[in-house]
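The values are calculated or read from the model by the stated rules, or taken from the named source; none is laboratory data. Please read these numbers as outputs of a predicted model, since none were measured by experiment. Quick reminder, even Gly has a Cβ in these numbers, built from the backbone with ideal geometry, and neighbours come from all protein chains shown. In case anyone asks, the SASA skips ligands and DNA or RNA and just uses the protein heavy atoms, side chains included. Shrake-Rupley method; radii C 1.70, N 1.55, O 1.52, S 1.80 Å.
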Amino acid sequence: DQQVKQNSPSLSVQEGRISILNCDYTNSMFDYFLWYKKYPAEGPTFLISISSIKDKNEDGRFTVFLNKSAKHLSLHIVPSQPGDSAVYFCAASALGNQFYFGTGTSLTVIP
Amino acid sequence: DAGITQSPRHKVTETGTPVTLRCHQTENHRYMYWYRQDPGHGLRLIHYSYGVKDTDKGEVSDGYSVSRSKTEDFLLTLESATSSQTSVYFCAISGSNRRHTEAFFGQGTRLTVV
């Protein structure tokens, strides 16, 4: 049973606008959440993370929001750039020794 | 780039043959993982290791075995490859000095079982 879910397989956004990628989880023991970006024929690369003691973490154009009561997190990219076009994976861990991934959302930023 | 090397990068093998994929790290990280990526399934954990000779099963471990005889090497073996094991395999590593740490991934191995 999928413990981390990304219900939108794909998303298209105009360059300069905001991209919002969503992720839901079911395991209340998860205490660390991560976003990864993946280009074709490459391994996933770490993008940004958030601990369960926070509700927001920001790094440049990327912001992750965590709503623990709803078991929901989202990644905001603003402004979106064509180079952001990739597959984004949400991941979660409990105690830091296993990572559970969602199915991914393919983001296309249209110039 | 984190020092992770996967070999081979591509492999085509026949059904029923054994296959071993290798992951080598130069980061001295304690944890090592093998994931497979399939359309509609994202990244699923096959096996992981938390130290030399210490391994455990992940979500999709059937048909796979692993070994870790040195900190830097984590091997994934398909004892008798099947077409359902055609996939892209990723190795990942993470440290254990902090409670919250990210995993770093290798470039992947594309395996085709015919």
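Summarising the amide proton neighbourhood of B:Gln107: residues at separation of 5 or more, or on other chains, whose placed amide H is nearer than 5 Å comprise B:Gln6.
Rounded to the nearest 5, the antiparallel percentage of DSSP beta bridges internal to chain B is 90%.
Taking the 1.4 Å solvent-accessible surface of the range A:1-97 as the whole, the part contributed by carbon and sulfur is 50%. Normalising the average separation of contacting C-alpha pairs (under 8 angstrom, six or more residues apart) by the number of residues puts the relative contact order of the range B:1-99 at 35 percent.
Antiparallel beta bridges, as assigned by DSSP with both residues in the protein assembly as shown, represent about 90 percent of the total such bridges. Here is the list for the range A:17-61: trypsin sites (Lys or Arg not before Pro) lying in DSSP coil, each with at most 13 other C-beta atoms within 10 angstrom of its C-beta, are A:Arg17, A:Lys54. Rounded to the nearest whole Hz, the Karplus-based 3J(HN,Hα) values (6.51 cos²θ - 1.76 cosθ + 1.60, θ = phi - 60°) of the range A:12-17 follow the sequence 10, 9, 6, 3, x, 8, with x at glycine and proline.
Surface calculation, 1.4 Å probe, protein heavy atoms: B:Arg22 sits at approximately 90 Å² accessible.
Of all the options A:Gly83, A:Gly43, A:Gly60, the one that moves most in a Gaussian network model of chain A with Cα springs shorter than 10 angstrom is A:Gly60.
When accessible surface is computed with a 1.4 Å probe, chains B and A are found to bury approximately 1900 Å² between them, both chains counted.
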